[in-house]
1. Pairwise over distinct Cα atoms, reciprocal of the mean inverse distance: report the Kirkwood radius of segment 58-173 in Å, one decimal place.
2. Got a sec? Charge dipole of segment 152-207, +1 on Cβ for Lys and Arg, -1 for Asp and Glu; which of His168, Leu199, Thr188 is way out at the positive end?
3. Rounded to the nearest 0.05, what FRET efficiency is calculated for Gln15 and Ala198 with R0 set to 22 Å and r the Cβ-Cβ distance?
4. Just to confirm my numbers, what's the Cα centroid distance between segment 67-130 and segment 133-205 in Å?
5. Dipole size in debye (nearest 20) for segment 92-150 around its Cα centre, Lys and Arg Cβ +1, Asp and Glu Cβ -1?
6. Let me check the size of segment 38-119 from its C-alpha atoms; what are the radius of gyration and Dmax in Å?
7. When the helices in the chain are scored as -39500 (n - 2.57) per DSSP H run of 4 or longer and the sum is shared across all residues, what 222 nm value do you end up with, to the nearest 500 deg cm²/dmol?
8. Report the residue, chosen from Ala16, Ala103, Ala55, that carries the largest GNM mean-square fluctuation when the chain is represented by alpha-carbon nodes joined by springs under 10 Å.
Amino acid sequence: MTAAEFVAQLDETNQAVLRRLEPESTLKPEVAGALNVTNLLKVALKNEIEATEIAARWLVATTDVEVKMAFARQAGDEAKHYRMIGDRLGELGFDARSFDPLAQGFGPLFKYLDSLETTVERVAAGQFTREAIAVVKNRQFIEFCDRAGDRPTATLYREVIEPDERFHHQLGRSLLLKLATTAELQETARRAAARTLALAEELQGAALRTAGIHHAPGC
Ligand SMILES: [Fe+2]
Ligand SMILES: [Fe+2]
């Protein structure tokens, strides 16, 4: 099939799985303490630093200028999110500068993404799929903030972070249209996307079982 047909099919498959993640969803089980905006934003810091780092690793690993600049843009945006979330945590009374979100090491999704060796898999998993998950999770987090009466955090996600994550997904889409040109490339891309979604579902299940966590924002 053509790259356009492939991308449309992958999008449909992803969206079907993402509907299962709704409405109670999360990627990260490691919230410590009560389920509130502050603790969920600490999980967000970990997601943002992992998203920054994986995009930066992939940026130096490719010679394709369009791919390089897409990862560069993403790394910059995720670092911007990290700073903005840190600032918001400061307003909520938590000093993010004294907090190392990687103190427990990288999470399972980061490790999986870091194991991918081809550009088409990286784009399919790390941008097209992970960022589609982020859009769903951020919509849920915004609702959580609205219910908690935290308008500044809801606005930050609604006006800056969620639109950026949506753009990262679109970057993935345009790169896949260029890269997923053969049946073989499409198959590796499909597998990487499916594994990413499966990990998201597994982590969500673990989070709900072990900590009752949902609504954690994504990247
Ligand atoms: Fe982000
Ligand atoms: Fe992102």
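Values in this text are rule-based calculations from the coordinates and carry no lab data. Computed from a prediction, not measured in an experiment: that's the story for all the values here. Cβ coordinates were reconstructed from backbone atoms using ideal geometry, including for glycine residues, and neighbour counts include every protein chain displayed.
1. Answer for segment 58-173: a Kirkwood hydrodynamic radius of 15.5 Å.
2. Thr188
3. 0.90
4. The distance from the Cα centre of segment 67-130 to that of segment 133-205 comes to 12 Å.
5. In total the dipole reaches around 80 debye.
6. Using the Cα atoms of segment 38-119, the pair Rg, Dmax is 13.9, 43 Å.
7. -23500 deg cm²/dmol, from helical runs alone.
8. Sorting by GNM fluctuation, first place goes to Ala103.
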